[in-house]
Amino acid sequence: MQLPTSAVAAGEVRAVDIDRTEYVLWRGRDGRLRSVPRRCPHLDHDLAEGYVDGDKLVCPGHAWAFDGDGRAFKRNEFGRVDAKGTVETLLIRETDGTVDVELG
Ligand code: FES
């Protein structure tokens, strides 16, 4: 799948369908595009409705966060970070205004 780089601005989240598998893309504040499967591995909330916090995508359900490198975690109210497992990510290449996205 190809998208223009402008399809996902910093801080935005966009749902994509790659070979009939749903993912979301987001661009962190650092400008890097990241991905995670669309359904949260916790209780299945739609991560397309999540929000970007810094470079992470946060689930609207119970605030699990995804770093875009395949790690999920939850930060509690005291700042402790608990690992919540791993998720698949897409292969993303961005060159000359175009983003190429494919299953990893
Ligand atoms: S459903 Fe995503 S954190 Fe609970």
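Only the coordinates and a few stated rules stand behind these numbers; no lab work does. Given the structure is predicted, the values throughout are model-derived calculations rather than measurements. We place every Cβ from the backbone using ideal geometry, glycine too, and count neighbours over all the protein chains shown.
For the chain, the alpha carbon positions stretch 42, 28, 20 Å along the principal axes, listed from largest to smallest. Here the 3J(HN,Hα) profile of region 20-25, calculated from phi with Karplus coefficients 6.51, -1.76 and 1.60 at θ = phi - 60°, is 6, 10, 8, 10, 10, 10 Hz, Gly and Pro shown as x.
Summing +1 for each Lys or Arg and -1 for each Asp or Glu, what net charge is found among the other residues whose Cβ lies under 11 Å from the Cβ of Val8?
Numbers: positive: Arg14, Arg27, Arg32, Arg34; negative: Glu12, Glu94.
Combined, the nearby Lys, Arg, Asp and Glu give +2.
Karplus-based coupling profile of region 86-103, in residue order and whole Hz: 10, 9, 6, 10, 8, 7, 10, 10, 10, 8, 6, x, 10, 10, 9, 10, 8, 4, with θ = phi - 60° in 6.51 cos²θ - 1.76 cosθ + 1.60 and x standing for Gly or Pro. Within the listed set Glu88, Glu22, Glu77, the residue fluctuating most in the Gaussian network model of the chain (springs between alpha-carbon atoms under 10 angstrom) is Glu77.
In this structure the amide hydrogen of Ile18, modeled in the peptide plane, comes within under 5 Å of the amide hydrogens of Tyr23, none closer than 5 places in sequence on its chain. With Cα atoms defining each centre, region 37-104 and region 6-36 are spaced 10 Å apart in the structure.
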